[in-house]
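The values are calculated or read from the model by the stated rules, or taken from the named source; none is laboratory data. As the structure is a prediction and not an experimental result, all values here were calculated from the model. Virtual Cβ from ideal backbone geometry, glycine too; neighbours counted across all protein chains shown. Each accessible area value is taken on the protein alone, full model and side chains, heavy atoms only, with ligands, DNA and RNA left out. Shrake-Rupley method; radii C 1.70, N 1.55, O 1.52, S 1.80 Å.
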Amino acid sequence: MGRQPTSAVSVDAITLRYNNETRQVEIGVSKRMSEPYIDQLALPGVTLWEGERLAEAAQRAVQTKLGLGVRGLGQLTVFDEPHRDPRGQTLSVAMWAVADHPADAPDYVQWHPIDDLPPLAFDHNRMVDSCRPLLVDRLWRDLTFTRALTGPTFPVSAAVAITRSLTGTSPDRGNLNRRLASVRGLGISHKRVVLGRGRPGTLWEWQSTHMEPESADIA
């Protein structure tokens, strides 16, 4: 007798924001309200509904678990370890999402730097560790991901901080500036920004006419 299909499908969203005050890319988590792992912190996740697209499920996860909308999202990878969920075999599609207006998040939402995540429910710590290289690969290459994270304009210091947060190492500023100059749809603004003492710095600006409506990797 052949084995029967048993796996449910969940969607877990690695929800990001760039915190300009701490100069860190942070991940949003909240306490689970039901078993298993009740009261433990977790990434926002939901079970995929019949007929629901992955992008719709990711938006629903962020909205219901973090109380936020998203300004961009896309698919990362699938986790299929048979015992990752004590309720039964569950495939998890890991998605990236960048929170819209993250400062308006409810008090129950916690934000943590990638390198300082607390213990999370399920396999969510491993999920973040495994997906981090995929996020790094999207930075400055996937226009939807990058623009969602940086916002419409940003100084070089923010580009350095975002790159450092995701990669774990400080980039060479010269190489980073050359990388920024090569990104399609990104240019130097006629405006300048003043950060502390010194001369005004360069402000980079996205040109909306060159932006794609969504990531091509959303399934």
* Given charges of +1 on the Cβ of Lys and Arg and -1 on the Cβ of Asp and Glu, with all other atoms neutral, how large is the dipole of the chain about its Cα centre, in debye to the nearest 20? -> 980
* Structure fact -> Tilt, helix 173-182 to longest principal axis of the chain (alpha-carbon atoms), in degrees rounded to tens, equals 80
* Asked: Quick one: with all protein chains in place, what share of the accessible area of the chain is carbon or sulfur, to the nearest percent (1.4 Å probe)?
  -> 49
* Structure fact -> Rounded to the nearest 500, the 222 nm mean residue ellipticity computed for the chain from DSSP H runs (n ≥ 4, each -39500 (n - 2.57)) alone is -8000 deg cm²/dmol
* Asked: Against the longest principal axis of the chain, how steep is helix 156-167, in degrees 0 to 90 to the nearest 10, with axes from Cα atoms?
  -> 30
* Structure fact -> Under the Karplus relation with 6.51, -1.76 and 1.60 and θ = phi - 60°, whole-Hz ³J(HN,Hα) for region 19-26, x at Gly and Pro, equal 8, 5, 6, 8, 6, 9, 7, 10
* Asked: Given C-alpha coordinates of region 89-130, what is the ratio Rg to Rh with the Kirkwood estimate of Rh?
  -> 0.99
* To do: Taking the Cα atoms of the chain, report the difference between the largest and smallest coordinate on each principal axis, in whole Å and largest first.
  => 71, 32, 28
* **Karplus-derived 3J(HN,Hα), 6.51/-1.76/1.60, for each residue of region 140-146, Hz, glycine and proline x** => 6, 10, 7, 5, 5, 4, 5
* Structure fact -> If unit charges are put on Cβ atoms (+1 for Lys and Arg, -1 for Asp and Glu) and the dipole of the chain is taken about its Cα centre, the option from Thr47, Ser7, Leu203 lying farthest towards the positive end turns out to be Leu203
* To do: Would you mind checking the tilt of helix 54-66 against the longest principal axis of the Cα atoms of the chain, expressed as 0 to 90 degrees and rounded to 10?
  => 90
* **Largest to smallest principal axis extent of the C-alpha atoms in region 133-187, angstrom** => 26, 24, 17
* Asked: Gly67's amide H: which non-local residues (gap 5+, or another chain) put their own amide H closer than 5 Å, with H modeled 1.01 Å from N in plane and none for Pro or chain starts?
  -> none
* Structure fact -> So for region 44-112, using the alpha carbon gyration tensor with a ≥ b ≥ c as root eigenvalues (a/c under 1.5 gives rounded; past that, a/b versus b/c decides prolate or oblate), I'd call it prolate
* Asked: So if we plug the beta-carbon distance of Thr167 and Glu50 into 1/(1 + (r/R0)^6) with R0 = 41 Å, what FRET efficiency do we get, rounded to 0.05?
  -> 0.55
